[in-house]
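The values are calculated or read from the model by the stated rules, or taken from the named source; none is laboratory data. These numbers were taken from a predicted model, which means no experiment stands behind them. Cβ coordinates were reconstructed from backbone atoms using ideal geometry, including for glycine residues, and neighbour counts include every protein chain displayed. We work out accessible area using only protein heavy atoms, side chains counted, and drop any ligands, DNA or RNA first. Shrake-Rupley method; radii C 1.70, N 1.55, O 1.52, S 1.80 Å.
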Amino acid sequence: MLKVQEIRELIKLIDQSTIDEFSYEVEGVKVKMKKGANMQTVQAPVNTVSVETVQPAAVQTPAPVQTPAVAVAAPVQEQKKEEVKDTANLHKITSPMVGTFYQSPTPDADAYVKAGSKVKKDSIVCIVEAMKLFNEIEAEIDGEIVEVLVKDGQLVEYGQPLFLVKPE
Amino acid sequence: MQTDLRKKLIDAFNLSNGEFLSGQKLAEIAGCSRTAVWKHMEDLRHDGFVIEAVRKKGYRIVKVPGKVSGDEISLGLKTERLGRTIHYEESVESTQKIAHRLAAEGAPEGTLIVADEQTMGRGRLGRKWHSPKYTGIWTSLILRPDLPPAKAPQLTLIAAVAAVQAIEDVTELTSQIKWPNDILIGKKKVTGILTELQAESDRINAIIIGIGMNVNQRVTDFPPELFETATSLSIEKGEDTSRASLIQALLLRFENLYDIYLSQGFLPIKLLWESYAISIGQRIIARTLTGDYKGIAQGITDDGVLKLEEEDGNIRQIYSADILLEEE
C-alpha cells in the first residue's frame, strides 16, 4: 500500500517533470495522474499560477491518515481542473513556513475569516504554528475571501496557498 | 521605561564594583547636577534599594530590592544587546501584548518587557498561564534577526537551551527540555515558552519570545489542578532565588547562543538542545488537533522538527503537538 507521503512525492515529481500522464500499479492499488489538458492553452502569465495550484490539492490529503491511494488520487485531478478555471484573477495568500494551520486564535473561538469575509491588508486571516511559534498571517491585500483552501489543524507546506482572495 | 539618566547611573555602579562613587563623579558621568543625582538616589531608595551614603566618599548600592524592575536587572547585566532596553511594569495583562505594541512601534532588538504580575498570561492555544505577583519571571524579549520567517521556529529552541543553562547557572538545578521548549524538573513544568512573529512573507520584522518561569512559588501558590504538573525553582531547591539574577543569566546565555546561531547556524544549538532533551529515545504521545501519534522520539531535524518513529517504522515529522511522556 502506498503511503500518503509517497503519493505526495509522486505528485511533486510528476508536477515538476514534462510528463503529462502517469499511471502506476502495485499490490492491486492503482494510481493515475493526469495534468490538466486545457492548461496548455492558457496564456503564458497564467501558466505559472496553474503550476502552483497543484500543490494545495496534493497536500490537502490529511497527512496523518493512510488513505488508500485511489481515493487520494481521484480528487487531486478534479480539484485541479476546477481551480484552474477560477483562480486566474484571484490573489493567493500563501504560508510563509511549514506548520499547522489554525483558522482561529483559540480552538473555541470563531474563525478569523471564512468564504465571503472582507479583508484589509492588515487583517489577520489565520495562524500558522511550528514549534510553539505562532505566526499570525495577514491578508496583505484588500479584498474578499473566496475560498479557504485548507482545514483547521492541517499541516501546510512552505508556499502553500491557504486562501483565495478576490482583490478590490 | 528607564530614563537614559537612570541607565547611566546604574551603569556607573556596574563599573564601580561595589566601591563608593561620589555625587560629583556620578553627576559628571550622567551629565546632570548633583541635586539630580541625589534625587535619583532617593528614588532608588524608595523602590527598595539600600544605598549607603558616606560624607566625602559618596554612594554605593549595598542591597537590591528583589523586584524585576529595569534598574535591578540592569545592575549587573553583562550582555551587549539583549536587555539593554527594559520596559518594566508592576502588573500587566500579558507581557506579549505590550511587546507586540512596542515592536510595531520600532523597539530595538533586545528590548525586554518584564512585569511582576500578569493577569492574563497565556500559553499555547489560548491556555491560561498562571503568573501571580512577585513569584516568577513573566517576560517577553524582542529580537529582529535578518532571517526568513521559515527559520523563526529555531529561535524557540534557542530560548529553551538558554533557560536550562540560566537555571543551572543561578540555582545549580538540573532541568530538561520537553519538545519543543517546555522546561521540566522531575517531569514537572517550571518554564514555558511561547513565541509570536511579526513578519512579511519573506522577512521577519520582529520575533517576540515570551518566557514564563516559576521561581519563588510555594506549593500553595499553585491552583490545585497544577499540583501534579507544575513546580517552581524554590520548591525544587528549597530556597528562594533572585528573579533579577535569573533574568540576567537568561539574557547572557541567550545572547551567547543567539550569536553562535547567527554566525554558525542551527547545528551547534541542535546538539545542545538534544543533550538537554528529556524525550529522546523514549515512548511518547504527540497530541495534535487532528489526532494522537504514538512512537519513540528519535530526535530533531536540522530545523528543530521532532522525529517520531511509529510502530511500523515510519518516521513522522511533528511540527505542532503537546508531547505526553508515557509512563515507564
(request) Could you look through the stretch A:144-168, keep only residues that are crowded, with 20+ Cβ neighbours inside 10 Å and part of a loop (DSSP other than H, G, I, E, B), and pick out the one that is farthest from the chain's Cα centre (by Cα)? (result) A:GLN154
(request) Would you be able to say whether some residue in the stretch B:1-16 is touching a residue at least 60 places away in the same chain (Cβ under 8 Å) and not in a helix (DSSP H, G or I)? (result) yes
(request) Could you figure out which of (1) within 14 Å of chain A (Cβ to nearest Cβ); (2) in contact (Cβ under 8 Å) with a residue 24 or more places away in the chain; (3) under 30 Å from A:THR94 (Cβ atoms) isn't true of B:ARG127? (result) (2)
(request) Just need a number here: residues in the stretch B:179-204 that are farther than 19 Å from B:LYS133 by Cα, within 11 Å of chain A (Cβ to nearest Cβ), of a type outside the set (A, V, I, L, M, F, W, C) and in a strand (DSSP E or B). (result) 4
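Pick from the stretch B:140-174 the residues that are hydroxyl-bearing (Ser, Thr, Tyr) and either open to solvent by less than 10 Å² (accessible area, probe 1.4 Å) or within 13 Å of chain A (Cβ to nearest Cβ) (or both): which of them is nearest to the chain's Cα centre (by Cα)? Walk me through it before giving the result.
Applying the first criterion (hydroxyl-bearing (Ser, Thr, Tyr)) to the stretch B:140-174 yields B:140, B:156, B:171, B:174.
Checking the rest, the ones that are also either open to solvent by less than 10 Å² (accessible area, probe 1.4 Å) or within 13 Å of chain A (Cβ to nearest Cβ) (or both) come to B:140, B:156, B:171.
Values: B:SER140: 7, B:THR156: 11, B:THR171: 15 Å.
Only one residue tops the list, namely B:SER140.
Filter the stretch B:229-248 down to the residues that are assigned to a loop (DSSP other than H, G, I, E, B) and under 16 Å from B:GLY192 (Cβ atoms) and list them by number.
Residues of the stretch B:229-248 assigned to a loop (DSSP other than H, G, I, E, B): B:229, B:231-232, B:238-242.
Selection gives B:THR229, B:THR231, B:SER232.
Out of B:VAL170, B:VAL161, B:VAL114, which single residue is in contact (Cβ under 8 Å) with a residue 24 or more places away in the chain and in a strand (DSSP E or B)? Walk me through it before giving the result.
On the way: B:VAL170 fails: in a strand (DSSP E or B); B:VAL161 fails: in a strand (DSSP E or B).
Just one listed residue meets the conditions, B:VAL114.
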(request) Please determine, by comparing only the residues of the stretch B:278-316 that are more than 9 Å from every other protein chain (Cβ to nearest Cβ) and among the polar types (S, T, N, Q), which one is least open to solvent (accessible area, probe 1.4 Å). (result) B:SER279
(message) I'd like the full set of residues that are surrounded by fewer than 21 Cβ atoms within 10 Å (Cβ to Cβ) and either polar (S, T, N, Q) or assigned to a loop (DSSP other than H, G, I, E, B) (or both), limited to the stretch A:118-143.
(response) A:LYS120, A:LYS121, A:ASP122, A:SER123, A:GLU140, A:ILE141, A:ASP142
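Residue by residue through the stretch A:96-115, note down the ones that are facing chain B (nearest Cβ under 7 Å) and not in a loop (DSSP other than H, G, I, E, B).
So in the stretch A:96-115, the residues facing chain B (nearest Cβ under 7 Å) come out as A:96-100, A:105-107.
Residues satisfying the conditions are A:GLY99, A:THR100.
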(message) If I filter the stretch B:245-263 for residues that are open to solvent by 50 Å² or more (accessible area, probe 1.4 Å), farther than 30 Å from B:PHE49 by Cβ and modelled with pLDDT under 95, do I get at least one hit?
(response) no
